[in-house]
Structure formats: structure tokens, C-alpha cells
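Beneath this line is the structure, given in C-alpha cells, with notes to follow.
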Ligand SMILES: [Zn+2]
């Protein structure tokens, strides 16, 4: 397995997020990735390297230009407002909901950061753009490695943060800024494939990935997650969202109740795997969050550490070129072992 890690991930280290009514220390921390790296040193599963340099234009295959321009310049704008802002992360506080306009780009920085986001849980910091861009390069590099590889090497892992699956074409949120899984899927298509799938096993619905591909049939999006009636991101992820236009029938959501056990979850995974197979996918991108773990502080499924080996084994039954992309998982001390268990199970 080719493992592409983000050497700049630590540049994105938010101080606080708005969580259940108060500012709390961020759940999405650099230590998460460090634990995966440490576990990969204990249990080496393949070659480990940083990403290739990529052209920023590739990001525009998935994200809007005005959003990318905003992200690239946001920190400088924030400091220009007041040099003292260097000590404060940026969090949005006002959003254009139904009936408001999003076609007019406001001059106000506070308004623009609201336009390009959907929550106040995702602090934008001095290093966010550099870390996210390098992470996107990891996902693109991982997809290219899979396309260039043969045999048992037809798998790669983009080990990066900040995560990506909540980020849409022109918004951030849910700790995510650039949609790494979507970029990996697009890279597979741009490399010559015609049909791919994104299988999202993070606890939370992959709302960004769904919205990016919702009207397309070349990318099947499948997500199993906590029921949005009670679980973040709340406003997307229901079972009746099946895609639209050309993409009708090419989105599958498998919401499960808070508290679901591994047996329940695994039955849904089988449904997801069947859908990927029926799509005729030539490769699969796995949005690999391990916040399904029973000890996760912000989630509610009951998976145990050994279950992640089975998860990897089940995904391997697809027998497809596979790009794993690291997403959520906030029981920090266990994130490494659970993540590497998936990869080890997959490799057999
Ligand atoms: Zn998650």
C-alpha cells in the first residue's frame, strides 16, 4: 500500500471551536494524525512518503474559484483588519440562510466567511490553507499511485488532515476545508476511469461529497452514518436523497440510529458494498473516519477496535483499486490503532 502523508498538517491547529454553546478546545487536533503515523511505524503496511506538488488548478475540478480565492487569502485579510487578530482563530458567526442571496460576494470579511461556511466549529488559522492544500495533494497523489500500480499495490492511503468530507464545492465546515475524497475520485476519472464510487464510513454523513456529485452519474456516493435527525451535520444525509438530474439513483444514504452496534453497522456496510458493485465501479475511494468507535467523544456508534479489522476485510471483498482517505475520529489515543486495523484487515 502506498501511504501518502501530509507533512504540513500540523500547520492547521485550531485553538477553539464552538461546540454545544461554548468555545471548547478543538476536537480535530494534529495529535490524531501523529497517532496514526506512530502506529504505522509499529506496523508498517507499505511505502510512506509525502505528496507530489500539484497545480492549484486541480482543486478547481471540485471547488469554485471564488471559494479557493477566499481560502487562499482569508488569513491575510483577517490580519489586515487588526494585527491583534494574529492571536485569534477566525470563526464565522453569520450565514445566508433561505431567502438570502449568495450570488453577490460581500465586501465584508465577516459576511464572506459566513457565505463560504456552514458552522462555527471549524476555525480557520494562519496555516489552514497551506495544510489543506498539501492534504489535497496527498489525496490526488494517492489516487495517481493507485492508477499507476498493479496487483496487490492497487491501494493507497492519503493520511492527511484537516479532513475533507464535509467540505462542499464552495463551503467549509465540520473541520473540513477541501474535499480530499472528492478530489481523489475526480483524479481517478481524470486518469481514464469512467465509473468510480466514494464509500464514506465516517460516523457523520459526507454532506460535502454528496453535494459535489449529486447531479453526476460517474461518481456513486454512498454514506453510512448517524441519522441526521439527531446527528451532525443534521441538514443532509436522509435515505430519500437519491441524487438528481443525471445523478438520480447515484447517491445512497444509509442513516443508522445513535447507539447502533457493529452488527447493525456491518449489515449496512454490506448494502453499501453491493451498491458499489452494482454501479460497476472501477475503483473506490473510502472516506475513512473512525469516529464510529465506541469511545468517540462526539459520536454514537458501538464499534470496537477489533471490528476495524473486519471493516477492512469487508472492503477488500470489492477487489477494486482502493484509495483510503483519512477523515474523522476523535478518541485521539485510539485513532491510530483503529485506522491501521482497517488497512491491515484490507490487506489481509
Ligand atoms: Zn465524522
In vacuo Debye scattering of segment 40-145, one point per C-alpha: log10 I(q)/I(0) at q = 0.21 Å⁻¹?
-> -1.16
A student asked for the Cα radius of gyration and Dmax of segment 205-327 in angstrom ought to give 13.9, 41
Once both label points are put 7 Å beyond Cα along the C-beta direction, the residue 104-residue 52 separation in nm becomes 4.4
Quickly rank 205-218, 159-172 as a protection proxy: mean count of other C-beta atoms within 10 Å, highest first.
-> 159-172, 205-218
Just check segment 101-252 against the gyration tensor rule for me: Cα atoms, a ≥ b ≥ c as the square roots of the eigenvalues, rounded for a/c under 1.5, and otherwise prolate or oblate depending on whether a/b exceeds b/c.
-> oblate
According to a simple spin-label model (label point 7 Å from Cα along Cα-to-Cβ), what is the distance in nm between residue 65 and residue 347?
-> 4.3
Does segment 16-95 come out rounded, prolate or oblate by the C-alpha gyration tensor, with a ≥ b ≥ c the root eigenvalues, rounded set by a/c under 1.5 and, if not, prolate when a/b is larger than b/c and oblate if not?
-> oblate
Under the rule of -39500 (n - 2.57) per DSSP H run of 4 or more residues, summed and divided by the residues of the chain, what mean residue ellipticity at 222 nm is obtained, to the nearest 500 deg cm²/dmol?
-> -11000 deg cm²/dmol
Among 21, 329, 226, determine the one that fluctuates most according to a GNM of the chain built with springs between C-alpha atoms less than 10 Å apart.
-> 21
May I ask for the distance between the Cα centers of segment 202-278 and segment 1-58, given as a whole number of Å?
-> 24
From the Cα gyration tensor of the chain, with a ≥ b ≥ c the square roots of its eigenvalues, which class applies: rounded if a/c is under 1.5, or else prolate if a/b is larger than b/c, or else oblate?
-> rounded
What ranking do 89-96, 123-130 get when scored by the average of other Cβ atoms within 10 Å per residue, highest first?
-> 123-130, 89-96
Among beta bridges that DSSP assigns inside the chain, antiparallel share in %, nearest 5 = 15
How much length is gained on full extension from residue 169 to residue 81, taking 0.36 nm per residue of separation minus their Cα-Cα distance?
-> 29.0 nm
Under a 10 Å cutoff between Cα atoms, tell me which one of 263, 137, 182 has the largest fluctuation in the Gaussian network model of the chain.
-> 263
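Readers should treat all values here as calculations from the given coordinates under stated rules, not as data from a laboratory. Since we're looking at a predicted model, the values are computed, not measured. Glycine gets a Cβ as well: all are built from the backbone with ideal geometry, and neighbour counts include every protein chain shown.
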